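First the structure, in the form of structure tokens, and then the observations on it.
Every number here is computed from the coordinates shown, using simple stated rules; none is lab data. Computed from a predicted structure; not experimentally measured.
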Amino acid sequence: MLRLRSAFLYIALGLVANGAMADTDGIEALREGTLKKLIFAQEPALVSDAAFTDPAGNVLGLQDYRGKHILLNFWATWCAPCRAEMPALDALQAEFGGDQFEVLTIATGRNTLPAINRFFTETNVSNLPILLDPKQDLARDMGVLGLPASILIDPQGFEIARMRGDAEWYSESARAIIAALIENDSPQ
């Protein structure tokens, strides 16, 4: 059964990578397991320009990451589902992170830097950035109502999909979705 499912995912990925299916309808078909909670936007909306920071206090915004697909993940050190999914996000970044894709993890609310560092050490996270939204300005602007929350953003800065709750971000389904998004934006 698993081999059949894998074959289906890779066939679907091949179909999606074909220029004839460049919209997200084909990508939606790749959702399985916890990724079924990933809801694609009917009409993509431009993401917030609210600022967040890195640990050194440098002010950043989502516009700084234009030109690549972003999986934006809001989390907190006290969030048990966040702890469960963070290693998968780390693995996804290790495999796909680069010029076309990046996982951005933003600690929103009261999260001290020592607690974040301890969280990353305890969960063996080494490929993800530490980004901070202490006053929840970005989370509020993005309509985040609970944690974790993940938002897929296209290279032009539009939200294309959203998920509330944790997910298996390094599953075959998740990897097929990210690969398809990247492939759709690659020069044919």
_So if I average 1/r over every pair of distinct C-alpha atoms in the chain and take the inverse, what Kirkwood radius in Å does that give?_
16.8
_Antiparallel content of DSSP bridges confined to the chain, in %, to 5_ = 65
*asked:* Distance between the C-alpha centers of region 151-175 and region 21-67? Whole Å please.
replied: 6
*Mind running the shape call on region 57-128? Use the C-alpha gyration tensor, a ≥ b ≥ c as the square roots of the eigenvalues: rounded below 1.5 for a/c, prolate if a/b tops b/c, oblate otherwise.*
oblate
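Note the full-extension length gain between Asn117 and Asp25 as 0.36 nm times their separation in residues minus their Cα-Cα distance, in nm to one decimal.
Working: separation 92, 0.36 × 92 = 33.12 nm, distance 3.86 nm.
Gain on extension, Asn117 to Asp25, equals 29.3 nm.
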*With everything on Cα atoms, drop me the angle between helix 2-17 and the longest principal axis of the chain, reported from 0 to 90° to the nearest 10.*
90
*For helix 113-122, report the angle its Cα long axis makes with the longest principal axis of the Cα atoms of the chain; keep it between 0 and 90° and round to the nearest 10°.*
40
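Using only C-alpha positions, report the orientation-averaged shadow area of the convex hull of region 99-188, nm², one decimal.
Working: hull surface 27.4 nm².
Over all viewing directions, region 99-188 projects a mean Cα-hull area of 6.8 nm².
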*Extension gain, Trp78 back to Phe40 (0.36 nm per residue minus Cα-Cα distance, nm)*: 10.9 nm
